[in-house]
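Presented below is the structure to which this report refers.
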Amino acid sequence: MDTTFKSGFVAVVGRPNVGKSTLLNALLGQKVAIVSNKPQTTRNTIQCVLTRKDAQIVFLDTPGLHKPLHKLGEFMMKSAFRALEDVDLVLWLVEAGQWTITEEHILGELSDVKHPVVLVVNKSDLISSVDKDDFIQQVMEKRDFAAVVSVSALEGTNLTELVDTIVERFEEGPMYYPEDWLTDHPERFVIAEFIREELLARTEEEIPHSIAVDVDEIKEDSRGDLLRIRATIYVERESQKGIVIGKRGHLLKQVGIGARKQIEGLLGIKVYLDLWVKVKKDWRNKPGALKEFGYE
């Protein structure tokens, strides 16, 4: 019986909205990365940890690779490519049947990567098996892959096979994090991300990427059965502030209800969430603001 413990770091790359965060949440069995149908949801390289008896995988969920349009976009791209520098393996997530200009760009960026690259064909439940096999064959001709695994992150298909494929390619190594850890990010970061996700789900196209969330205070009630959280939502223009608050505060209230449920589910304690909205003009192009919000 092999009692060797293996461990390693894995960068998860792919174009925006291909399902990277959904995949990681499914693999971990708990939410650590926000999910949205709007592209470029992930802004930081989120470190998630999957531990089983024989191995530990440390995932780096990179921002979706795209052409940056502002300082925040530039930071996101630097963050994505930094994640490739010091890992043991790269998971390249593509959507079954969809090969775009962005995939060609990523193919070029990965040409110098010396680590094994595993191709993960996501959303494989959405096309026929014949079309999927044809697509995989075409992609496999573009470069050498360490392995190819077809999955559906949403349906939970072939996730165990994917984890086994990763672990097989690891060397013997230590347990980098305690076995009950899911992420190395502090609670403040995860709470801010949950609030941002609720905002992404409820606002129109121009608003989502103008939003930043800063958790100002987390305070436990004296009895230890309630957590009081105060957070500020920042937008770039006064008109956006009105949209985020909504008529008679309705939208902000719905954001608070949704975020509170997610936070309570994560922390296992009742939460009182106090949300405020402020304008910080053109913050995405200001290095000082990017640093303040944890993006540098």
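No lab work stands behind these numbers, since they all come straight from the coordinates. These numbers come from a predicted model, not from an experiment. Positions of Cβ are backbone-derived with ideal geometry, glycine not excepted, and every protein chain shown enters the neighbour counts.
Values computed for the structure shown
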{"read-out": "Computed lengthening from I269 to K253, 0.36 nm per intervening residue step minus Cα-Cα distance", "value": "3.8 nm"}
{"read-out": "Per-pair calculated FRET efficiency, R0 = 25 Å: R169 and E109 via Cβ, rounded to 0.05", "value": "0.75"}
{"read-out": "Cα-based Rg and Dmax for segment 117-244, where Dmax is the largest Cα-Cα distance (Å)", "value": "21.5, 62"}
{"read-out": "Least to most buried among I218, I269, I229 (fewest other Cβ within 10 Å first)", "value": "I269, I218, I229"}
{"read-out": "Electrostatic dipole magnitude of segment 123-169 [Cβ: Lys, Arg +1; Asp, Glu -1; Cα centre; debye, to 20]", "value": "180"}
{"read-out": "Inter-probe distance in nm under a simple model that places probes 7 Å from Cα toward Cβ, at D282 and Q138", "value": "4.3"}
{"read-out": "Cross-link reach list, aspartates and glutamates versus K20, counting only Cα pairs under 12 Å and skipping chain neighbours closer than eight places", "value": "D61, E95"}
{"read-out": "Relative packing of 109-120, 233-244, which averages over residues the other C-beta atoms within 10 Å, highest first", "value": "233-244, 109-120"}
{"read-out": "Burial ordering of I195, I57, fewest other beta-carbon atoms within 10 Å first", "value": "I57, I195"}
{"read-out": "Full-stretch length increase - R223, D54 - with 0.36 nm per residue and alpha-carbon distance subtracted", "value": "56.8 nm"}
